[in-house]
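Student: Input: one structure, supplied below.
The values are calculated or read from the model by the stated rules, or taken from the named source; none is laboratory data. Values in this document were obtained by computation on a predicted structure and should not be read as measured data. As a convention, Cβ positions derive from the backbone with ideal geometry for all residues, glycine included, and neighbour counts pool all protein chains shown. Each accessible area value is taken on the protein alone, full model and side chains, heavy atoms only, with ligands, DNA and RNA left out. Shrake-Rupley method; radii C 1.70, N 1.55, O 1.52, S 1.80 Å.
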Amino acid sequence: MLRKLFKFHGGVKPQTNKTQSTTAAIAAVPLPDRLVIPLHQAVGGHPRPLVQPGEHVLKGQRIGGADGNLSSAVHASTSGIVRDVAQAVMPHTSGLTTLSVIIEPDGEDRWCELEKVNYRSTPPDELRDFLRDAGVVGLGGAVFPSYAKLKPGKEGKLKTLVINGAECEPFITCDDMLMRERASDMLKGIVAMRYMLQAEEVLIGIEDNKPEAVASVQAAIRASGETGIEAVAIPTRYPAGGAKQLIRVLTGIEVPHGRRSTDFGVQCFNVGTAFSIFEALEHGRPLISRLVTVAGNVTAPRNYDVLIGTPMDHLVRLAGPRPDTDRYIMGGPMMGVRMPGFDVPVVKATNCVLVGSPALFPAPPPEMPCIRCGECAKACPADLAPFEMYWFSRSKNFGKAQEYHLFDCIECGCCSFVCPSHIPLVDYFRFSKSEIWSREREKESSDGARDRFEFKNFRQEREKQEKAEKLAAKAAATREKVATEGAATPAAADGEAAPKPKPSATDAKRALIEAAMEKARQQKAQVAPKNTDHLAPDVEADIAAIDARRNAAPARAADTPDA
Amino acid sequence: MITALLVMTGIALVLGAVLGFASIKFKVEGDPLVEKIDAILPQTQCGQCGFPGCRPYATAIADGEAEINQCPPGGEEGIRKLADLLGREFKPLSEEHGVEKPKSVAVIDEATCIGCTLCIQACPVDAIVGAAKQLHTIVAAECTGCELCLAPCPVDCITMEAITETVDTWKWRYPVVEIKAA
Ligand code: SF4
Ligand code: SF4
Ligand code: SF4
Ligand code: SF4
């Protein structure tokens, strides 16, 4: 049975360099001396730390709890002592630090108590919470929390579940090896996902340069007896592994700019994610390790099953780096990003550590002006006009760049790859995108500031008015009182020759003022600020300290001549 | 004759009502130019421009009573945007109004604060929380860095701290590549 396949726009055919790392089986990695596990490894909120320095943790114990409505938990990858919960350099181009848990392994590698679930008898919401707390995220590189994607759409079911085993990026073979060696477990994960999404059919897309993987998955499907799941070999063309591109190839659906595939009844997951869902459901094991390809400038490129938090240099040492190594790249040569150092940890997003050297990846030739040849637009798999976006990004005209659908760019690098002028187009697009995001953040905060400023002014205005009204009312009352008393006095002194109402009015006024002052004094004595009543002892202590400081303050102010 | 008069009066009344209704319904809120200028200003509300807040400054610019280069927090980019919007010439930031500084937030040293509420009254954007005789704290996310709370504090316990970059706010740099002459 041959399935009709479709073509996506553009794409390129770089040298794949994949055979080098698929000759040997997946290998284990000896425990390193130290694991550095960043708490923020996935898209969404920063997990909060759940352990203290000095605490003993077991393998699989939760060390970072999911926070916010999109977030994913983080776990200890082995048993040992928490040495520190501190800022550490993260595997990110910026070289910035992030809150990480640093664990010194005790060598026992002892699991904590694991709890598994039966996905068929668990309500969907609980199942999603379980996967969130198991830290399962997309392992294709986007690290989007999987539980958030495991929701059937509005209709309560999905048409097609696409499983991404295309692995189009050169050098990377971790998905290939996973499908070769762990196909039946991965398939169980897929079956669970199909159940959660109520998907009608499942299509596993694999590039046809991985015949062993295709055969292995097909054999697993046959052995399991499942129906409605098909492994499809698709033509090798970068970036066939982009979600929208793979969906196009397998189903013919072209997801338009600014829309999501779920709007068309299709959802896409990586094969590695399917495997880790199996691990979580079947064994209760959270996501604490992943397959990582070590390739490039090493003597023995290979795939390893690596604990999250393992320093990259510890891993690369096993593959025999050549002496002229000058950089590590996380990911492949097309989309990968350069690491700020050699000892940054492997995280959930690390599908490959590409070891680089000046000979392997020479510096790009100097950029030349764009000749508007249109090659980039022909190669762009997202059907964009990269030269236009480049022009506007370069001149920092971000609004215009956005009009050309900048945010549909998947940063695949096809345009830079084909550009005869060697323009690093993707660098410009990344620059533009982050500028636009930062502007949006600024705009949000300045809008908030404006609202609060206007509200403060309004409040002050209102208070002023209320005060004025109160005063006016009081003055009116006083005047009335004075008038009645003033009228009474002349009536009483009627017999006298020339009664002077004025002084008596003044007297009455003075009496009134005195009465008011007396009243104010009494009030002041009675009313202490309300916020100092009924307080907790520590707040009382705080207030006592503040009072002491306040009493000391005038003396200090007197010391300083200009105060 | 009478019917003609009645018809005309009727039409006049109806049209008048329509016009009256339209003037209420489609009333332009505020001055649109002031809105546009205000949208460019950073809303720090610091008063360095010589006006009590961003909006008064926006009004003054719209009325032609102020130059466009008086807002230090907006910096050069802000001036450029104002120049674009108003079709005026770009000019560098006027020195008498201050210099552009890195964005900062105020921090209260809680061990020194005497709970006097003076800073709360000074803060234009309600970014300080606290009550009389209790410790005050600045809500960093809402502080615009205007520095107006520094001077009123009798014990000088407020300091400005520059905002450091985090992974969430990090930006890709503008690509620096040598350009070969064509
Ligand atoms: S490929 Fe390069 S030179 Fe050609 S249009 Fe695109 S950016 Fe310009
Ligand atoms: S990097 Fe972006 S613009 Fe360039 S080819 Fe890929 S999707 Fe198109
Ligand atoms: S100087 Fe301060 S108050 Fe004036 S416009 Fe700029 S931010 Fe607003
Ligand atoms: S806390 Fe201080 S610096 Fe921050 S906005 Fe308020 S007054 Fe300005």
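Student: Just name one of B:102, B:14, B:41: the one whose Cα is farthest towards the positive end of the charge dipole of the range B:1-112 (beta-carbon charges, Lys/Arg +1, Asp/Glu -1).
Tutor: Looking along the dipole axis, the top candidate is B:14.
Student: Sorted by mean Cβ packing within 10 Å, highest first, what order do the peptides B:96-106, A:285-295, A:155-165, B:70-80 take?
Tutor: A:285-295, A:155-165, B:70-80, B:96-106
Student: Moving to a separate point now. For the range B:89-182, which chymotrypsin sites (Phe, Trp or Tyr not before Pro) pass both filters: DSSP loop (anything but H, G, I, E, B) and at most 14 other C-beta atoms within 10 Å?
Tutor: When the chymotrypsin sites (Phe, Trp or Tyr not before Pro) of the range B:89-182 are filtered for loop state and at most 14 Cβ neighbours within 10 Å, B:90 remain.
Student: What distance in nm separates the simple spin-label points at residue B:173 and residue A:86, each placed 7 Å from Cα in the Cβ direction?
Tutor: Reported label-point gap for residue B:173 and residue A:86 is 2.7 nm.
Student: Along the charge dipole of the range A:368-458, which of A:371, A:395, A:414 sits closest to the positive end, that is, farthest toward it, with unit charges on the beta carbon of Lys, Arg, Asp and Glu (+1, +1, -1, -1)?
Tutor: A:395
Student: Another one. Specify whether the C-alpha gyration tensor of chain B places it in the rounded, prolate or oblate class, a ≥ b ≥ c being the square roots of the eigenvalues: rounded for a/c under 1.5, otherwise prolate if a/b is larger than b/c and oblate if not.
Tutor: The shape class here is oblate.
Student: Still on this structure, please answer the following. Quick one: compute the contact order of the range A:19-356, relative version, from alpha carbon pairs under 8 angstrom and 6+ residues apart, as a percent.
Tutor: 23
Student: Hey, any idea what % of chain B's accessible area is carbon plus sulfur with a 1.4 Å probe?
Tutor: Its accessible area is 62 percent carbon and sulfur atoms.
Student: Which of the peptides A:25-33, A:57-65 is most tightly packed, and how do the rest follow, judged by the mean count of other Cβ atoms within 10 Å per residue? Display every interim value, and only then the final one.
Tutor: Working: A:25-33: 14.0, A:57-65: 20.9.
In decreasing order of mean packing, A:25-33, A:57-65 become A:57-65, A:25-33.
Student: Hey, another quick one. By the scheme Lys and Arg +1, Asp and Glu -1, what is the net charge of all other residues having a beta-carbon under 10 Å from that of residue A:216?
Tutor: Summing Lys/Arg as +1 and Asp/Glu as -1 gives 0.
Student: Rounded to the nearest 500, what is the 222 nm mean residue ellipticity of chain B from helices alone, with -39500 (n - 2.57) per DSSP H run of 4+ residues and division by all residues? It would help to have the intermediate numbers written out before the result.
Tutor: Working: 5 runs with 59 residues, N = 182.
Calculated mean residue ellipticity at 222 nm is -10000 deg cm²/dmol.
Student: Same structure again: Using a probe radius of 1.4 Å on heavy atoms only, what accessible surface per residue do you get for the protein assembly as shown? Whole Å² is fine.
Tutor: 52
Student: Roughly how many percent of the accessible protein surface of the range A:1-107 is carbon and sulfur, given a 1.4 Å probe and a whole-percent answer?
Tutor: Within the range A:1-107, the accessible surface is 52 percent carbon and sulfur.
Student: Given a Förster distance of 22 Å, report the FRET efficiency between residue A:545 and residue A:52 from their Cβ-Cβ distance, rounded to the nearest 0.05. Walk me through the intermediate numbers first.
Tutor: Numbers: r = 28 Å, r/R0 = 1.28.
Plugging the Cβ-Cβ distance into 1/(1 + (r/R0)^6) gives 0.20.
Student: Relative contact order of the range B:32-97: what whole-number percent is it, with Cα pairs under 8 angstrom and at least 6 residues apart?
Tutor: 30
Student: Right, something else. Rounded to two decimals, what ratio of Rg to Rh does the range A:382-494 give with C-alpha atoms and a Kirkwood Rh?
Tutor: Value, to two decimals: 1.72.
Student: Distance between the C-alpha centers of the range A:263-280 and the range A:414-436? Whole Å please.
Tutor: If we compute the Cα centre of each part, the gap is 30 Å.
Student: Bin width 5 Å, origin at 0, all Cα-Cα pairs of the range B:102-167: what percent of pairs per bin?
Tutor: Calculated P(r), rounded to whole percents: 3, 20, 32, 25, 12, 5, 2, 0.
Student: Applying a 10 Å radius around every beta-carbon, put B:2-15, A:259-272 in order of their mean neighbour count, most first.
Tutor: Per-residue mean Cβ counts within 10 Å order the peptides as A:259-272, B:2-15.
Student: Assuming R0 = 22 Å, can you tell me the calculated FRET efficiency for the pair residue B:117 and residue B:140, based on Cβ-Cβ distance, to the nearest 0.05?
Tutor: On the way: r = 19 Å, r/R0 = 0.89.
It comes out at approximately 0.65.
Student: Tell me, what are the semi-axes, in whole angstrom and largest first, of the equivalent ellipsoid of the protein assembly as shown as set by the roots of 5 times the Cα gyration tensor eigenvalues?
Tutor: 64, 36, 29
Student: Report, in deg cm²/dmol and to the nearest 500, the calculated mean residue ellipticity at 222 nm for chain A, where each DSSP H run with n ≥ 4 adds -39500 (n - 2.57) and the sum is divided by the residue count.
Tutor: So the helix-based figure for chain A works out to -12500 deg cm²/dmol.
Student: Strictly over 29 Å apart at the Cα level, which of A:116/A:348; A:159/A:188; A:464/B:91; A:151/A:188; A:348/A:433; B:101/B:171 would you flag in this model?
Tutor: Working: A:116/A:348 21 Å; A:159/A:188 19 Å; A:464/B:91 40 Å; A:151/A:188 18 Å; A:348/A:433 24 Å; B:101/B:171 19 Å.
Exceeds cut-off: A:464/B:91.
Student: Report, in degrees rounded to the nearest 10, the 0 to 90 angle that the Cα long axis of helix A:124-133 makes with the longest principal axis of chain A.
Tutor: Between helix and principal axis, roughly 90 degrees.
Student: So what's the range A:19-356 giving for Cα Rg divided by 2.2 N^0.38 Å, two decimals?
Tutor: For the range A:19-356, the normalised Cα radius of gyration comes out at 0.95.
Student: Stick to the Cα atoms of the range A:3-87, pair each with every other, and give me the Kirkwood hydrodynamic radius in Å at one decimal.
Tutor: Across the range A:3-87, the inverse of the average 1/r is 16.7 Å.
Student: Then there is this: Distances over 20 Å make up what percent of all Cα-Cα pairs in the range B:32-97?
Tutor: On the way: 218 of 2145 pairs.
Summing the P(r) of the range B:32-97 above 20 Å gives 10 percent of all pairs.
Student: Provide a list, ordered by number, of residues in the range B:104-133 showing at least 30 Å² less accessible area with every protein chain present than when their chain is taken on its own, using a 1.4 Å probe.
Tutor: At a threshold of 30 Å² (probe 1.4 Å), the residues of the range B:104-133 that become less exposed are B:114, B:124, B:125, B:126, B:133.
Student: Could you give the nm distance between label points at residue A:120 and residue A:70, where each point is 7 Å from its Cα heading toward the beta carbon?
Tutor: 3.4
Student: Consider just the alpha-carbon atoms of the range A:80-228 and return their Rg together with their Dmax, both in angstrom.
Tutor: Radius of gyration, then largest Cα-Cα span, for the range A:80-228: 18.6, 50 Å.
Student: Want the number for residue B:163 to residue B:36: 0.36 nm per residue separation, take away the alpha-carbon distance, what's left?
Tutor: Numbers: separation 127, 0.36 × 127 = 45.72 nm, distance 2.78 nm.
Additional length available on full extension: 42.9 nm.
Student: Now, a different point. Computed FRET efficiency, Cβ-Cβ of residue A:222 and residue B:104, R0 51 Å: what is it to the nearest 0.05?
Tutor: 0.20
Student: Another question, then. How many angstrom lie between the C-alpha centres of the range A:339-411 and the range A:159-180?
Tutor: Answer, in whole Å: 23.
Student: I'd like the residues of the range B:36-65 whose 1.4 Å-probe accessible area shrinks by no less than 50 Å² going from the isolated chain to the full set of protein chains.
Tutor: Buried by the other chains: B:43.
Student: With a 1.4 Å probe, how much accessible area is buried between chains B and A, both sides summed, in Å² to the nearest hundred?
Tutor: Its buried surface, counting both partners, is about 4100 Å².
Student: Another one. With both partners inside the protein assembly as shown, how many of the DSSP beta bridges are antiparallel, as a percent to the nearest 5?
Tutor: 65
Student: With +1 on each Lys and Arg Cβ and -1 on each Asp and Glu Cβ, how big is the dipole of the protein assembly as shown about its Cα centre, in debye rounded to the nearest 20?
Tutor: About 1600 debye.
Student: Right, another one. Enter the per residue convex hull volume of the range A:1-149, computed from alpha-carbon coordinates, in Å³ rounded to the nearest integer.
Tutor: So the per-residue Cα hull volume is 225 Å³.
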